[in-house]
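Contents: one structure, followed by commentary.
The values are calculated or read from the model by the stated rules, or taken from the named source; none is laboratory data. Quick caveat: nothing in here was measured; it's all calculated off a predicted structure. Here the Cβ positions follow ideal geometry from the backbone for every residue, glycine too, while neighbour counts run over all protein chains shown. These accessible areas exclude ligands, DNA and RNA; they are computed on the full protein's heavy atoms, side chains included. Shrake-Rupley method; radii C 1.70, N 1.55, O 1.52, S 1.80 Å.
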Amino acid sequence: MKRARRSRRFSTTNSAKASDGFCQRHDVTFTVHGLAVSGGIAIGRAVCVTSTRADVAHYKIAPEQVAAEVARVRDARNTVVDELVRLQHDLLHDSSSGSHTPQELIALLDVHLMLLQDVSMSVAVRGWIEDRLYNAEWALSSQMDVIAREFDEMEDAYLRERKADLEQVVDKVLRALRGAPSTAAIAAPKRKPRGQQAQQELMLDDDIDVPLVLIAHDLSPADMLQFKRDVFVGFVTDVGGITSHTAIVARSMDIPAVVGARSASQLVRQDDWVIIDGDEGVMVVNPTAIVLAEYGFKQRQAQVERERLARLRNTPSITLDGETIELLANIEQPEDAESAVRAGADGVGLFRTEFLFMGRKGHLPDEDEQAAAYTRAVQAMSGRTMTIRSIDIGADKPLERVAKLDTHLNPALGLRAIRWSLADPAMFLTQLRAILRAAAFGPVHLLLPMVAHNREIRQTRNLLDRARAQLDKRGVTYGELLLGAMIEIPAAAIALDVILPEVDFVSIGTNDLIQYTLAIDRADEAVAPLYDPMHPAVLRLIASTIAIANDAGKLVSVCGEMAGDPRYTALLLGLGLRSFSMHPAQLLAVKQSILRSDTAKLQPWAQQVIKSASPRTIKQP
């Protein structure tokens, strides 16, 4: 691991004064809270990276300078494109590192290249320069602000956070305009001794390399590709949510991370000692010797636990009373299927197809491209089930297939997910044909998002019949598949008996079910504390869905975050759940909980929990 070497010394005082969120401090100990997106403990010296857009120059140019400013933008963009292309080439041909490059990063790097080469963005920036006589930096920043407002108006949390990708691209171009190095190329700071203000001092072994943690306003996939070679052991960003690309990549790299920490990059100084608690979403800056020792012990415990869990990879998921439990994986890219198999997954319970459609400026993947992607994923599973979710995106999202309707008061409750697919049958038929073709290579389930009415399922079955007929006419081979519905709208859970006859299985999307039941945007920091999986209403909807599906003899699984959280494993087992789908990194921890569980004893306790007004107070047997 590449680390900076220095005498490992830090000092602290015992208190800090805070004013307007900023600390007046001299090596003080303080904590910063954010969103926990990737678990584990990281301890090291801080490398701070600030946002370029914070200090953009704003000035008017003379008319005769227009051509030169346009050329500056073009040259800066080309510089960044060249940088990313070289990075792609190096990563694809670098066999010196034994670590595996997460496929999410490769795909997101492609997205950034497409954004950089987007003609409409270039034309708009040129317009600011020619019409307003803005300097290059101001023009680029102004256009970013226009697009940012469009993203901010989106109600879907996942797609609203895609604004970060464009911001990261703009940040890189701004750095190139200034002749500054890219974020990823910034070297670790030189280590300098602290001043004499310390009241306490801890001396550690001078011969031990010092780990580094990254503190930034935001991180792009390209930056993280550079960092992947174990340069940094964890990171914290000011912005981002639990579904941001930064969070997704952190989980795929399995390194401790906290996002949405607001002013973290302003509070932390270069070379500060920092502890990142990715389990609790907390960063401790300049910890005391006692705090450092406590977290060091937790870190060692976590490593021992990881090694112990690894031994469970090939152990069957069977409870103490003999119940076999299915453990499935959630994936975003076809290449993730291999990681799922390596992690010991019994199959894939959720393949999010949105990544194949996003960032293409309206040029959606055709049938052959989709069929090839789905087929790669199916073949990688070697006979295990692959559950493919139809595109979960809406008409107000940046696919540019239909005009945005400014009259939408709340697009999250409008034309999106299965509703949008059914409103664009040509697009939907293309995806259905591609999925049917992939089903010829292994067992495939088709999962429909945001189902609220049984007629949506019947319409989909009719389109599947049309897709089969079209493939038959062309003489194309295809396979059969099972059809399922995601239960993530309260109406679907309440009227499940109406929906069940139309489907072969159901999957509970707890993330959106909680969000819609409690009327809370889980990506909104202002109401994030109210997002409660243990709310009585949420638990009763989950419990009734599992019970009704089991009574009807239909397969039922949970594919939301609750499935991958060991704190809820016993409760879900007690409620009768026998199929869990989660990120591959969470499989072994959940399996451990399953192996220690007795479902017969958990059932009466689970019933007490869902009937209680305060579910968390009911102790597990």
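Just a few scattered comments:
- Positions within the stretch 501-516 being over 16 Å from residue 527 (Cα atoms), assigned to a helix (DSSP H, G or I) and open to solvent by 10 Å² or more (accessible area, probe 1.4 Å), in sequence order: 501, 502
- Condition met for residue 287 (within 21 Å of residue 336 (Cα to Cα) and at pLDDT 80 or above): no
- Residues of the stretch 407-449 that are touching a Lys or Arg at 6+ places or on another chain (Cβ under 7 Å) and modelled with pLDDT of 95 or more: 429, 436, 447, 449.
- Selection count where residues are on the phi > 0 side of the Ramachandran plot and not hydrophobic (A, V, I, L, M, F, W, C), scope the stretch 449-502: 1
- In the stretch 586-621, of all residues being farther than 18 Å from residue 326 by Cβ and of a type in the set (Gly, Ala, Ser), the one that is most open to solvent (accessible area, probe 1.4 Å) corresponds to 613.
- So residue 577, is it more than 30 Å from residue 261 (Cα to Cα) and without any contact (Cβ under 8 Å) to a residue 40 or more places away in the chain: yes
- One residue stands out among those in the stretch 49-73 that are open to solvent by 20 Å² or more (accessible area, probe 1.4 Å), at pLDDT below 85 and not in a loop (DSSP other than H, G, I, E, B): the one that is nearest to residue 129 (Cα to Cα), which is 60.
- Residue in the stretch 474-493 that is open to solvent by 40 Å² or more (accessible area, probe 1.4 Å), hydrophobic (A, V, I, L, M, F, W, C) and either in a helix (DSSP H, G or I) or modelled with pLDDT under 95 (or both) present: yes
- Any chance residue 537 is touching a residue at least 12 places away in the same chain (Cβ under 8 Å) and either closer than 25 Å to residue 460 by Cβ or part of a loop (DSSP other than H, G, I, E, B) (or both): no
- Count - residues of the stretch 565-580 that are out of contact with any Leu (no Cβ under 8 Å at 6 or more places or on another chain), in a helix (DSSP H, G or I) and open to solvent by less than 10 Å² (accessible area, probe 1.4 Å): 2
Residues checked against (1) out of contact with any Asp or Glu (no Cβ under 6 Å at 6 or more places or on another chain); (2) polar (S, T, N, Q); (3) without any contact (Cβ under 8 Å) to a residue 12 or more places away in the chain:
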position: 251; (1), (2), (3): yes, no, no
position: 256; (1), (2), (3): yes, no, no
position: 276; (1), (2), (3): yes, no, no
position: 284; (1), (2), (3): yes, no, no
position: 300; (1), (2), (3): yes, no, yes
position: 303; (1), (2), (3): yes, yes, yes
position: 307; (1), (2), (3): yes, no, yes
position: 315; (1), (2), (3): yes, yes, no
